[in-house]
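Trainee: The following block contains the structure, expressed as structure tokens.
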Amino acid sequence: MHIRQLRKVKRHRQLAGAWQQYQNSNCETAWMHLLSRYTSGSHIHGFYQLFWPTMRRRMRLLWTLALLCALIVLIFITYLLAERHQRKLFQTVIADSRWPIRNIAFPVIFVCNKNRLNWSRLPEIGERYNITESQQPLLERVLTAYDALSISHLDVFEALQDQPLETLNHLNFTQIVSEMAWRCEELISECRWQTQSRNCCELFRPRRQQQGVCLAFHELEERSSAETGSGTGIVVRLLLNEALHAPGNREPKGFVLDVVEPGVWSELPISLVPDADTNVGIRAVYHFYDEATYGLPSVQRQCLLDYEQKSDHFQTLLGFKYMLENCLAECQQLYMLRYCNCTLDLFFPPSNHVGCKLKDLPCLAAHNHLLKNFEHHEERSYVAQNESGLLCDCLHNCKSLTLLTDVHKAARRRHLENARAKGSAHGSNRSILLNVYYTKNVILVYRTSLIYSWLDLIDSLKMRYV
């Protein structure tokens, strides 16, 4: 009985082993069949040669070596393509040479008298702020300094170094200077906009600027102009009013003109002399970075977008969008705060920074040589300079408009002599006729893009693998 059971168990084990071997052979046959079907229809060059049933061993070895070499070359080319993509090199090309100028707003025009104040209002100021007779000389000395003040000439306050400034330190001289600044009807007349006569005081409004309180045209209304040529933009007559200037200011007489893009606080000013009619032709160049570059850090891209407020390079004037010029202006404020613990708010829009009092003005004069110039990083190896300047980590905005001005001045001595002989108003009050207009109706547009973007990388890899 026991022997029979042992034989039965042995027979069952043999059957189970045979069944398992049969299943394994079927599985191996299925995998080999699948692999054979894949290799026979594969598009990988030479791969199917390895599995030909009639292929000799020597030929199979040669094909294996050939495939390995091809694989190594493929990996090397892929590495080169990835490295080229990783370098993130840029190229700037002309995107459009005839972009209509009507697509941009006409520039903002600032006009200022080099003598910032109307001295005839000094008695009114004295009465309004209860200036005593003993304080009057100091007030006149302070306002004479303000009369010649600009962001690059803070040294006019050196004359206040040994004065008793505490007696007038309670006064807000930014407010006083704004009240004494030239009004529209005192500085501008004979206005024409787009060949139509206009009321000057409807076009020009007072506005702080880095030359003081000036008059701004077109700051609030961003009107476009498609016409080009002399007389098609803004034409105004600027009145010098030399009889109303501060007697203690011996600086040269004239006007200051600034042409900026809307939204920009200030730019490099243009000096205008009286008795010389001035034509200012404007050309524009537009430069933008395409969207393929937006995924890169601003430092690598070397430009900044409006919404990149978390960038270390993002700083701008309060209430203004990011622009290179606004960043530089804010940088100047921060340097004033660093040196003198205050900022001369006459030059900037209202902000949360502490404004300078009268007793702080000599400190600004002492640091004038450090505040009037900008300096780029690492430029000292290439540029000779006597004084260090402001180091501002400001990047260009990724969509920037550059305004190029061509200034032509024409002296009108004969006209002036005839006007004086006739006793006309302009003969006794020296003036200039200012004409600002577009010279071309098209804009040159530059586009900066990646030389090798991620789409180019994918396309190259696809071409290599197919």
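Trainee: Please tell me if SER150 is of a type in the set (Gly, Ala, Ser) and touching a residue at least 60 places away in the same chain (Cβ under 8 Å).
Mentor: In short, yes.
Trainee: Turning to a different aspect of this structure: Kindly evaluate CYS184 against the criterion of being farther than 30 Å from LEU328 by Cβ and not β-branched (Val, Ile, Thr).
Mentor: no
Trainee: Just checking, does the stretch 168-184 include any residue being surrounded by fewer than 16 Cβ atoms within 10 Å (Cβ to Cβ), touching a Leu at 6+ places or on another chain (Cβ under 8 Å), farther than 22 Å from CYS342 by Cβ and not hydrophobic (A, V, I, L, M, F, W, C)?
Mentor: No, the stretch 168-184 contains no residue that is surrounded by fewer than 16 Cβ atoms within 10 Å (Cβ to Cβ), touching a Leu at 6+ places or on another chain (Cβ under 8 Å), farther than 22 Å from CYS342 by Cβ and not hydrophobic (A, V, I, L, M, F, W, C).
Trainee: Same structure again: Is there a residue being part of a loop (DSSP other than H, G, I, E, B) and farther than 27 Å from TRP193 by Cβ anywhere in the stretch 275-293?
Mentor: yes
Trainee: A further question follows. Could you count how many residues in the stretch 348-363 are assigned to a helix (DSSP H, G or I) and surrounded by 22 or more Cβ atoms within 10 Å (Cβ to Cβ)?
Mentor: Looking only at that region, the number is 1.
Trainee: Considering only the stretch 304-347, how many residues are outside any helix (DSSP H, G or I) and surrounded by fewer than 16 Cβ atoms within 10 Å (Cβ to Cβ)?
Mentor: 9
Trainee: OK, next. Can you work out which of the residues in the stretch 81-123 that are surrounded by fewer than 12 Cβ atoms within 10 Å (Cβ to Cβ) and either in a strand (DSSP E or B) or touching a helix residue (DSSP H, G or I) at 6+ places or on another chain (Cβ under 8 Å) (or both) is modelled with the lowest pLDDT?
Mentor: GLN91
Trainee: Shifting gears a bit: Looking at the stretch 264-282, can you tell me whether even one residue there is over 30 Å from GLU227 (Cβ atoms), at pLDDT 90 or above and surrounded by 20 or more Cβ atoms within 10 Å (Cβ to Cβ)?
Mentor: Looking for residues that are over 30 Å from GLU227 (Cβ atoms), at pLDDT 90 or above and surrounded by 20 or more Cβ atoms within 10 Å (Cβ to Cβ), one finds none in the stretch 264-282, hence no.
Trainee: Tell me yes or no: at least one residue of the stretch 236-249 is under 33 Å from the mean Cα position of the chain (by Cα) and assigned to a loop (DSSP other than H, G, I, E, B).
Mentor: No - not one qualifying residue is present in the stretch 236-249.
Trainee: Also: Restricting to the stretch 427-440, name every residue that is touching a residue at least 24 places away in the same chain (Cβ under 8 Å) and either surrounded by fewer than 16 Cβ atoms within 10 Å (Cβ to Cβ) or part of a helix (DSSP H, G or I) (or both).
Mentor: LYS440
Trainee: Out of all the residues in the stretch 283-301, which are surrounded by fewer than 16 Cβ atoms within 10 Å (Cβ to Cβ) and among the polar types (S, T, N, Q)?
Mentor: Selection gives GLN300 alone.
Trainee: Pick out the one residue from SER400, SER351 that is closer than 30 Å to ARG141 by Cβ and touching a residue at least 24 places away in the same chain (Cβ under 8 Å).
Mentor: Answer to the check: SER351.
The values are calculated or read from the model by the stated rules, or taken from the named source; none is laboratory data. Everything quoted here is computed from the prediction, not taken from an experiment. Counting neighbours? That spans all protein chains shown, and the Cβs are built from the backbone with ideal geometry, glycine included.
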